[in-house]
Amino acid sequence: MNRSGFMGAISAPDINVNIPGLKKIVPVADIQTGKNAFGAAGFGLYFYFTDTIDLLTGPVFFFDKALQPGSSSFLWTVQLDIDVTLFASEPAPVLTPPAAASNGP
């Protein structure tokens, strides 16, 4: 078993579609060499619905299918990404209550 290898990925330029519900599409590909359970190559498309919600889908081809469940030579993958801001980069402004109205002396 080969426990070493190369891992790489590439992304093509964005394809801006700007149609309702779909902002852009980004073609991608990656590879991890080595005759082990992680050795595979894949490609797919990212579908960006907003700047913070996207879906990646495409096939993954394994280099050693004997190490995969069911001796599968490939699988189809789907990945949903939702970005959530956990901490604001700037503190929220402090709101002060308005001064009480005076009816005069």
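Annotations for the structure displayed:
- Filter pass, residue 87 being out of contact with any strand residue (DSSP E or B) (no Cβ under 7 Å at 6 or more places or on another chain), hydrophobic (A, V, I, L, M, F, W, C), over 18 Å from residue 6 (Cα atoms) and open to solvent by 80 Å² or more (accessible area, probe 1.4 Å): yes
- Residue 51, sole failed condition from (1) open to solvent by 80 Å² or more (accessible area, probe 1.4 Å); (2) of a type in the set (D, E, K, R); (3) touching a Ser or Thr at 6+ places or on another chain (Cβ under 9 Å): (3)
- Every residue from the stretch 1-19 that is farther than 19 Å from residue 43 by Cα, modelled with pLDDT of 95 or more and not in a strand (DSSP E or B): none
- Meets criteria (over 25 Å from residue 81 (Cα atoms) and surrounded by fewer than 14 Cβ atoms within 10 Å (Cβ to Cβ)) for residue 69: yes
- Scanning the stretch 33-48 for residues being surrounded by 16 or more Cβ atoms within 10 Å (Cβ to Cβ) and either in contact (Cβ under 8 Å) with a residue 60 or more places away in the chain or farther than 19 Å from residue 12 by Cβ (or both) gives a total of 5.
- The stretch 1-56: number of residues that are under 28 Å from residue 67 (Cα atoms) and of a type in the set (A, V, I, L, M): 13
- Failed item in (1) charged (D, E, K, R); (2) surrounded by 14 or more Cβ atoms within 10 Å (Cβ to Cβ); (3) part of a loop (DSSP other than H, G, I, E, B), with residue 30 passing the rest: (3)
- Scanning the stretch 9-41 for residues that are within 18 Å of residue 59 (Cα to Cα) and among the β-branched types (Val, Ile, Thr) yields 10, 25, 26, 28, 31, 33.
The values are calculated or read from the model by the stated rules, or taken from the named source; none is laboratory data. In this text the structure is predicted, and so the values were computed from the model without any measurement. Heads up, the Cβs are rebuilt from the backbone with ideal geometry, glycines too, and the neighbour counts pull from every protein chain shown. Note: areas computed on protein heavy atoms with side chains; ligands, DNA, RNA excluded. Shrake-Rupley method; radii C 1.70, N 1.55, O 1.52, S 1.80 Å.
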